[in-house]
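A short reminder: the numbers here are calculations on the coordinates, not readings from a lab. Given the structure is predicted, the values throughout are model-derived calculations rather than measurements. Glycine gets a Cβ as well: all are built from the backbone with ideal geometry, and neighbour counts include every protein chain shown.
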Amino acid sequence: MLNQTAATVVGSQGQENHEQSHPRFLAHHFHSSEQQFDSGKLGMWLFLITEVMFFSGLFCAYAVYRSTHPEIFIYAHQFLDAKLGATNTIVLLCSSLTMALAVRSAQTSQQKMLVVYLTLTLIFAAVFLSIKYVEYSHKWHAGLLWAGDFHPVAGHEHAHDGDGQDAGKTTVMPRDVGVFFSIYYALTGLHGIHILGGMGAITWILIRAVRGDFNAEYYAPVDFVGLYWHLVDLIWIFLFPLLYLIH
Amino acid sequence: MHESTVTPITAHANHEHIPSIRSLLGTFATLIALTVVTLYGSTLSLGSAEIWFSMGIASVKAVLVALFFMHLKHDKPFNVLIVVFSLAFAAIFIGLTMVDANAYQTEINTYVESELK
């Protein structure tokens, strides 16, 4: 069933010493597969916290500007469509579910379901990016760019306010509204780049899954890519209310 | 004796807890419900409390994702410690920067207004 190790005996004899002492996936600088797994997991968590610090810089910019110039945020919020933002939130939550189910499938040696769930995760990610593309291209045409390039096209000023409320539609435009969009594009753009990178990693794991690399004995790469993907979802969970639900 | 899993022994040899489909679906359903609550909350007029409300719910969602999807609940406590530390440092970073920025706002505003005249 699994073409990996010559001495792999599935389920019947218990673990023979030969297979146990040197499974194919065990790198030579680790003395047990458990140590290898724990090291990999530690490494991924350390990387994830560097990602948290990475984004915290931009969240800091958001916090500082929103606390010192709330009028910019309240005014600029009308240009964002909360419905699209909410849809994207649901899309990413679905992708996190399918990713978690994919990891579980690898843990239980269900190769077919692993491939299915990884593919679904990729599809959800693609949907997320498509919605972001729709949002970005609309803003591009409406002249809603960053910093000094913020020149709203006449007639396009009042983009849909997704929740139907009239909140924040002041007629007087405050100074430096472009600052909001600088923060918006930096945050969502950086997040989008992370989605792209995640899609690349998931694609690689998918190829390996189709190849039959993963099973209950060795599923670490699926687990760790899953951790990264959940973090990307986590970041969006915070981005959505901060950017789209300002009143 | 061995159900649908092929080599259950080895997955547990890694001391890795395998989540039940029920727990994953339950977490997902809770996350969706909290998203709906966030959206509903944004339609209410909570004033300045709004951001604490939405960030509070986002934090609950984050904890759920971390505990169940990222299985921190069944992970080594050291990994949990790393995560907690990073959040603490991020909070210090943002908190102190905001205190600093707000401390000079009156002078900045006075200067900006005088420049605009």
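Here are the numbers:
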{"item": "Sorted largest first, extent of segment A:36-89 alpha carbons per principal axis (Å)", "result": "52, 29, 9"}
{"item": "Averaged over A:204-216, number of beta-carbon atoms from partner chains that fall within 10 Å", "result": "1"}
{"item": "Normalised per residue, the volume of the convex hull around the Cα set of segment B:76-117 (Å³)", "result": "43"}
{"item": "Per-residue [θ]222 nm for chain B (sum of -39500 (n - 2.57) over DSSP H runs n ≥ 4, rounded to 500)", "result": "-23500 deg cm²/dmol"}
{"item": "Cα centroid separation, segment A:42-61 to segment B:22-83 (Å)", "result": "18"}
{"item": "Surface/4 estimate of mean projected area, convex hull on alpha-carbon atoms of the protein assembly as shown, nm²", "result": "20.4"}
{"item": "20 °C / 1.002 mPa s Stokes-Einstein diffusion coefficient of chain B, Kirkwood radius on C-alpha pairs, µm²/s", "result": "115"}
{"item": "Rough spin-label spacing in nm, given labels placed 7 Å along Cα→Cβ, for B:GLU107 and A:TYR136", "result": "4.0"}
{"item": "19 Å tail of the calculated P(r), segment A:183-247, as % of Cα pairs", "result": "43"}
{"item": "Cα-projected label distance for A:SER32 with B:ILE82, points at 7 Å along beta-carbon direction, nm", "result": "1.9"}
{"item": "Average partner coverage of A:220-228, which counts Cβ from other chains inside 10 Å", "result": "2"}
{"item": "Estimated FRET transfer efficiency (A:LYS112, A:ALA147; beta-carbon r; R0 51 Å; 0.05)", "result": "0.55"}
{"item": "Average partner coverage of A:102-108, which counts Cβ from other chains inside 10 Å", "result": "5"}
